[in-house]
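Notes for the one structure printed next.
The values are calculated or read from the model by the stated rules, or taken from the named source; none is laboratory data. Since the structure is predicted, the reported quantities are computational estimates derived from the model, not experimental observations. Cβ: placed from backbone, ideal geometry, glycine included. Neighbour counts: every protein chain shown. Please note that ligands, DNA and RNA were not included when accessible areas were found on the heavy atoms of the full protein model with its side chains. Shrake-Rupley method; radii C 1.70, N 1.55, O 1.52, S 1.80 Å.
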Protein chains: 2
Amino acid sequence: MNVKDELRRNMPLFPIGIVTKLTELTPRQIRYYEQQGLISPERTKGNQRLFSFNDVDRLLQIKSYLEKGINIAGIREMLKQSQQVLEAKREAETAKKELSERELRRMLKQQIIHPRRGQIPLNHGELSRFFRH
Amino acid sequence: MNVKDELRRNMPLFPIGIVTKLTELTPRQIRYYEQQGLISPERTKGNQRLFSFNDVDRLLQIKSYLEKGINIAGIREMLKQSQQVLEAKREAETAKKELSERELRRMLKQQIIHPRRGQIPLNHGELSRFFRH
DNA sequence: CAATGCATGTAAGGAAAAATGACATTGCTA
DNA sequence: TAGCAATGTCATTTTTCCTTACATGCATTG
């Protein structure tokens, strides 16, 4: 998922009334889950909850866990864990990107030092654009 | 766009407060555009407006038209037109699908009547599955 | 220029929706 | 049976939204 999508998915959009319909949870339940640290929706200036897509997904997760008989404490840990998995994935992703960037730079260097026929070498000064200053 | 997505995009989700932030239009403007027939958001039981994604898109359209100096009457017509274009596209789409289905049935028939070597003919009774009862 | 009309601002008064807090209920489980 | 976890319910207060009405700024037109 790209950065833009993540922003969208975290954008506070829905009041609790809509969320109750989307999740079929009662306001009481949703507020309780917040109190128990399972979700932390944003608030408006006037202190009203505003939920994002991710919040709604999380609530649906919570609901399905509850239906499986897991209690709040258990769910809290499950959610923490899946959060960590997500973060790890993100890290792995950026690491991979960095790696391939370094690879790219190495290749460019090679190409400049030993230009092969049929490939256009970079002009003087252009290489610098591929390195951090 | 598939049917499921369309449902999603037409689902009434946002109260006017959120929409003002998403579009940077004032409530006054939004209500006026509704009065002028440019949008028709759903209402809650208690008569409060609820906007869908499509409504928000539409408002952004309206906004950009206004910024180009088009007046409400003009925009009303533009929107009508683009609505018609959409409908035409949908029609074309379903027509195409129907056509290819008929084509498929024709081919299946051909295949049964004149089975070519290397192709497996249908078993007796299977053809009926491809026709409406 | 005065008059008109369009698009928007603003304010009042009322109603819906949401917040919090407190107490009640239900279903387990020790 | 007592106790806890999860949820229901109710009262009260805030916040958000609704409609209606009047005001304003700006462009057009006679």
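Scan the range B:1-22 for residues that are of a type in the set (S, T, N, Q) and open to solvent by less than 50 Å² (accessible area, probe 1.4 Å) and report the count.
The qualifying residues number 1.
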Checklist outcome for this item: Restricting attention to the range B:45-56, the residues that are surrounded by 13 or more Cβ atoms within 10 Å (Cβ to Cβ) and either among the basic types (Lys, Arg) or more than 14 Å from chain A (Cβ to nearest Cβ) (or both) number exactly 2
Next on the checklist: Can you tell me which of (1) within 13 Å of DNA strand C (Cβ to nearest atom); (2) part of a loop (DSSP other than H, G, I, E, B) is the one A:Arg31 doesn't meet?
Outcome noted: (2)
Next on the checklist: Step by step: first the residues of the range A:23-44, then only those that are near DNA strand D (Cβ under 9 Å from one of its atoms) and within 14 Å of another protein chain (Cβ to nearest Cβ), then the one that is surrounded by the fewest Cβ atoms within 10 Å (Cβ to Cβ). Which residue is that?
Outcome noted: A:Arg43
